[in-house]
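Working notes, beginning with the structure itself.
The values are calculated or read from the model by the stated rules, or taken from the named source; none is laboratory data. This is a predicted model, so every value here is computed, not measured. Here the Cβ is made from the backbone with ideal geometry for all residues, glycine too, and neighbour counts use every protein chain on show. When the accessible area is computed, the model is the full protein with side chains, heavy atoms only, and any ligands, DNA or RNA have been set aside. Shrake-Rupley method; radii C 1.70, N 1.55, O 1.52, S 1.80 Å.
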Amino acid sequence: MKFLTQLIYDQPCLRVKRSLVQFFLSRAHHSNVRVRFAPSPTGHLHLGGLRTALYNFLFARAHGGVSLLRIEDTDQSRLVPKAAEALEDMLQWAKIPPDESPMTGGNKGPYVQSLRSKLYQEHIQTLLKNGTAYKCFCSEMRMELLRKDALRRREVPKYDNKCRKLPQAKAEELERQGVPYCIRLQLEHINEPFMDLVYGPIFHDIIQFEGDPVLMKSDGFPTYHFANVVDDHLMEITHVLRGVEWQVSTPKHLLLYKAFGWEPPQFAHLPLIKNKDGSKLSKRQGDLHIANLRKQGYSPEAILNFVTDIGGGFEDRDQNRVLTVDELADKFNLSRLNTHSCRLEVEKLGYFNQLDIQRQLRNDHETLQLATQLQSLVKSEFKERLSDSVAQEKILSLDYMVKVLQWSQTRITSIADLVSSKFTYVWVVPDNLPLQGLPPVASGYATLLNDLLRNVEETPDNYFNKEELSRRVKMIGKGHKLKTPAIMKFVRMAISGLQEGPPVGEMMEVLGKETTLLRLQHAKQVIS
Ligand code: GLU
């Protein structure tokens, strides 16, 4: 493996290099896979976090392995209360639940770093004893001076490793005096690249860029790097799949494995996700929080398809089909992951959600679930206005919800669209009926509405469909000397308050006879 990694790394031709990486990856055999998603509970689960959790989940499923959730909460100053629980709930909702986690348990726990302090304390002793780590007594003030000095010289600040050379007796004395200290890893030169299962061989001689990193802070809390490596080892993680922003830290982690004498896991880094304009995604971007997407009516499948569509990792994927989690896992192939950073086209999320609504409507059970979801959305959105509607029961029935969903499935990208102003008429009488721009009717609007009312009333139930209704409306228009576009515009306004919208026959068919009549009566009252 080492030889091969070096060989690929030395290859001067980029194309040959890429092919060699692909070949290597397609041959790689992964057994007893254990992967982890290791977020810091500093806020809501966002799209980037979900992407990492998802690829870990898919990789585990694809290889019959285990995925676990580990909460990395060693930086106590950045914690958000209840964030860890909310994170796990979101993974459950997104249909990618971990096999082992703080809530589910498992035999490699605890799965929360703040509950593992004892393990870190034990393990730091190993490194102090074998001499790969040392106590550093440098004060905050000295560190600050080093920083300022470097900045003055326009250099990147780094620790000068002073305490590496501190004589043992001196260190003991300082400790006796109660001088606070942290514990650092002694970096050493790295001579060979490591194999990134996504990016191919990566070489980064970290000692040239950084001072010895802190493993244990003076308050006794481990740093991310230390806790992460100790936990990955103790939890028997075989593959680390994480964002590419951690790739520069991997050599440091590999040095830590070496210091312990442990076999490191394999590493695979996932490319950056950027906004459409190329800017970096921020965890604070509320529109990309999974909880918000959920609230806006996006389904787990739509979100998962959106994320994997950007990230790649699938062979022969049909872009016009929403794959279920199982299908995604079946088709997943790490060697097909994209390496270039990807830009989010949020419109595509709408597209996938529309495809997913259509998929759900092909399945009776899921149709009912969707209808129930829509029902509670309508109830909460139109609560007051529904209470005085005579047809309330009918409007709120699941049958009606299904009818509306089936009719609107090519017009909406989320069920939340159905409670927007474009669809208000489907549930309640319109707020206002804009008469401006309507064609004058010599016989008067009231007479026209009376004719319409009578005709709709007389339409037999088994003919209450868009073709027949549109034919009848046209005929009435003719009787009042109105051309088709003019009468359609009038009726559309009367039943929906909209100047533009779906064909009138369709609107009437979806509303049904009773509600169409109520809408026309309402228009008559308002207009006359
Ligand atoms: N706690 C780190 C994070 O917040 C985990 C990085 C890793 O997966 O190693 O992303």
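Across segment 97-121, the number of residues qualifying as aliphatic (A, V, I, L, M), crowded, with 16+ Cβ neighbours inside 10 Å and more than 26 Å from the chain's Cα centre (by Cα) comes to 1. Candidates are the residues of segment 26-43 that are within 23 Å of SER341 (Cβ to Cβ) and surrounded by fewer than 19 Cβ atoms within 10 Å (Cβ to Cβ); the one that is nearest to the ligand (Cβ to nearest atom) is THR42. Check whether at least one residue in segment 385-392 is part of a helix (DSSP H, G or I) and among the hydrophobic types (A, V, I, L, M, F, W, C), and report yes or no. The answer is yes, given that some residue of segment 385-392 is part of a helix (DSSP H, G or I) and among the hydrophobic types (A, V, I, L, M, F, W, C). Where helices (runs of 4 or more DSSP H) sit wholly within segment 466-528, those with at least 2 residues that are under 20 Å from GLN436 (Cα atoms) occupy 484-496, 504-527. Residues in segment 270-312 that are part of a loop (DSSP other than H, G, I, E, B), in contact with a Cys (Cβ under 9 Å, 6 or more places away or on another chain) and at pLDDT below 90: LEU272 alone. Quick one: would you say LEU349 is open to solvent by 10 Å² or more (accessible area, probe 1.4 Å), more than 28 Å from VAL429 (Cβ to Cβ) and outside any loop (DSSP other than H, G, I, E, B)? It is false that LEU349 is open to solvent by 10 Å² or more (accessible area, probe 1.4 Å), more than 28 Å from VAL429 (Cβ to Cβ) and outside any loop (DSSP other than H, G, I, E, B). From the list THR447, THR459, the lone residue that is out of contact with any Phe, Trp or Tyr (no Cβ under 9 Å at 6 or more places or on another chain), open to solvent by less than 20 Å² (accessible area, probe 1.4 Å) and not aromatic (Phe, Trp, Tyr) is THR459. The number of residues in segment 1-22 being crowded, with 19+ Cβ neighbours inside 10 Å and modelled with pLDDT under 80 comes to 1.
LYS82 meets all of the listed conditions (1) in contact (Cβ under 8 Å) with a residue 60 or more places away in the chain; (2) more than 12 Å from the ligand (Cβ to nearest atom); (3) out of contact with any Pro (no Cβ under 8 Å at 6 or more places or on another chain) but one, namely (1). Checked against (1) within 15 Å of VAL428 (Cα to Cα); (2) open to solvent by 30 Å² or more (accessible area, probe 1.4 Å); (3) modelled with pLDDT of 95 or more, MET508 passes all but a single condition, namely (2).
A count restricted to segment 477-528 and to residues that are of a type outside the set (A, V, I, L, M, F, W, C) and farther than 20 Å from ARG411 by Cα stands at 18. GLN373 meets all of the listed conditions (1) touching a helix residue (DSSP H, G or I) at 6+ places or on another chain (Cβ under 7 Å); (2) closer than 23 Å to GLY501 by Cβ but one, namely (2).
Where strands (runs of 3 or more DSSP E) fall wholly inside segment 23-142, the ranges with 3 or more residues that are within 22 Å of LEU234 (Cα to Cα) and modelled with pLDDT of 95 or more are 34-37, 66-69.
Closer than 21 Å to PHE314 by Cβ, open to solvent by 20 Å² or more (accessible area, probe 1.4 Å) and away from the ligand (no atom under 16 Å from the Cβ): is that true of ALA94 in this structure? It is false that ALA94 is closer than 21 Å to PHE314 by Cβ, open to solvent by 20 Å² or more (accessible area, probe 1.4 Å) and away from the ligand (no atom under 16 Å from the Cβ). Taking residues in segment 18-42 that are touching a residue at least 24 places away in the same chain (Cβ under 8 Å), and partners anywhere that are among the basic types (Lys, Arg) and within 16 Å of the ligand (Cβ to nearest atom), the pairs with Cβ atoms closer than 7 Å and at least 6 places apart or on different chains are ARG36/ARG70; ALA38/ARG70; SER40/ARG78; THR42/ARG78. Applying the condition of being within 42 Å of the chain's Cα centre (by Cα) and among the charged types (D, E, K, R) to segment 125-148 and asking which residue is surrounded by the most Cβ atoms within 10 Å (Cβ to Cβ) yields LYS135. With the condition kept exactly as written, say whether any residue in segment 432-455 is within 47 Å of the chain's Cα centre (by Cα), under 18 Å from GLU509 (Cβ atoms) and assigned to a loop (DSSP other than H, G, I, E, B). Taking every residue of segment 432-455 in turn, none turns out to be within 47 Å of the chain's Cα centre (by Cα), under 18 Å from GLU509 (Cβ atoms) and assigned to a loop (DSSP other than H, G, I, E, B). Restricting the first member to segment 170-189 and to residues that are among the aromatic types (Phe, Trp, Tyr), and the second to residues that are open to solvent by 80 Å² or more (accessible area, probe 1.4 Å), the beta-carbon pairs closer than 9 Å and six or more apart or on different chains are TYR181/SER218.
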